[in-house]
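For reference, the structure is listed below as structure tokens.
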Amino acid sequence: MAMDLSWQFLFFSLVTAFHVTVTVAQEQPLRHFCINSTGNFTSNSTYETNLNQLLSSFSLNTPNDRGFYNFSSGQGSTIANAVAFCRGDLNSSDCSNCINDAYRELRNRCPYRIEAIIWYDYCTFRYTSRSIFGVRDVDPYFFMWNSNNVSNVDAFNQALGSLMDKLRDVVQVGTSLGKFATGSIQVTPFQTIYARVQCSNDLTQYGCRSCLSQAIVYIPRCCDSKQGGRVSLPSCNFRFEIVRFYNRTPADIDTNDTTTTGYKSNSSRTTIIISILAVAFAALLISNVICIILRFRKRKLKPQSK
């Protein structure tokens with residue numbers, strides 16, 4: 001009996017631990033807004049029907065335009081429109097899961113609001129009765145920051161500004177992953193800033209640049225002297241940290257050049273010198289080992305005198 005109770009307790013503990021692990025691993029929303037300006041809808045209304053059918057006519061198993069989705073259901077004043085876009089470094093499965101989770105979560109949090117938006121680390125999702133396709137929206141917004149401070153604020157801000165300007169120029173034109181890019185820049189030979197920048201793919205070049213310029217303006221308010229931070233608007237977003245937090249893609253850009261930080265030439269020269277010294281040391285070590293082996297063999301084969 002005691003043995004059965006022990007096994008039951010062990011089984012229950014393992015199941016509980018597995019459940020906790022799965023719960024912790026599930027991505028949580030970063031922020032959401034239930035927009036007041038567009039008003040509410042009533043239960044069982046035509047708009048609610050269109051909203052419930054918003055995703056049903058679309059297959060999220062196949063990526064649409066590199067992680068960007070534009071949904072519509074219904075017509076006229078009761079039409080429901082939605083725009084969703086995922087990070088460019090995600091696979092299609094993670095993107096689809098994020099959008100599905102975002103839709104369900106937003107319906108729960110804003111059950112009768114005509115317009116709402118939610119942000120995850122993986123994706124952005126919003127719906128409304130107004131036309132939002134190709135529209136640059138910069139409100140509402142939110143920002144978050146790393147609690148740790150940098151030691152040299154001026155050098156860090158200069159490098160961050162150069163990195164953000166470069167990524168904005170790249171993203172507004174677009175990459176192989178849509179309006180998404182990542183990049184890094186050295187503050188010193190011992191500290192690097194990594195950043196991820198994105199616009200909704202339906203924005204024009206001017207709309208994307210304008211949105212990101214507005215987002216960058218918030219850096220002094222949210223993240224001044226901080227080791228990391230993020231700013232998210234409905235149509236664009238960015239994040240930066242001193243550790244790499246994204247998957248490397250063809251849209252990853254190295255901005256370390258002499259016009260930004262002045263450290264690359266010194267760093268490259270140091271790398272070359274170290275490589276040459278390492279090769280020379282290895283060659284010297286190998287030659288010494290060969291000499292020792294040959295000397296030992298000569299002693300072993302030397303004829304003994306009688």
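Which residue is surrounded by the fewest Cβ atoms within 10 Å (Cβ to Cβ), if the candidates are limited to segment 142-164 and must be under 17 Å from S213 (Cα atoms) and under 18 Å from the mean Cα position of the chain (by Cα)?
F142
Suppose we keep only residues that are in contact (Cβ under 8 Å) with a residue 60 or more places away in the chain and surrounded by 24 or more Cβ atoms within 10 Å (Cβ to Cβ) within segment 81-97. Which one would you say is farthest from F238 (Cα to Cα)?
Of everything passing the filter in segment 81-97, V83 is farthest from F238 (Cα to Cα).
If you go through segment 113-140 one residue at a time, how many are assigned to a loop (DSSP other than H, G, I, E, B) and in contact with a Phe, Trp or Tyr (Cβ under 6 Å, 6 or more places away or on another chain)?
Residues that pass the stated criteria total 1.
Hey, any hits in segment 65-78 for a residue that's modelled with pLDDT under 95, surrounded by 14 or more Cβ atoms within 10 Å (Cβ to Cβ), within 30 Å of F143 (Cα to Cα) and of a type in the set (D, E, K, R)?
yes
Please determine, by comparing only the residues of segment 38-64 that are within 33 Å of the chain's Cα centre (by Cα), in a loop (DSSP other than H, G, I, E, B) and small (G, A, S), which one is modelled with the lowest pLDDT.
S59
Across segment 171-197, what is the total count of residues that are under 24 Å from A82 (Cβ atoms) and touching a Gly at 6+ places or on another chain (Cβ under 7 Å)?
Going through segment 171-197 one residue at a time, the tally reaches 3.
Which of (1) under 14 Å from T192 (Cβ atoms); (2) at pLDDT below 95 is the odd one out, the single condition I242 does not satisfy?
Unmet for I242, out of (1) under 14 Å from T192 (Cβ atoms); (2) at pLDDT below 95: (2).
Quick one: in segment 165-186, which of the residues that are of a type in the set (D, E, K, R) and surrounded by 18 or more Cβ atoms within 10 Å (Cβ to Cβ) is farthest from K226 (Cα to Cα)?
Going through the qualifying residues, I end up with K179.
The values are calculated or read from the model by the stated rules, or taken from the named source; none is laboratory data. Values in this document were obtained by computation on a predicted structure and should not be read as measured data. Cβ: placed from backbone, ideal geometry, glycine included. Neighbour counts: every protein chain shown.
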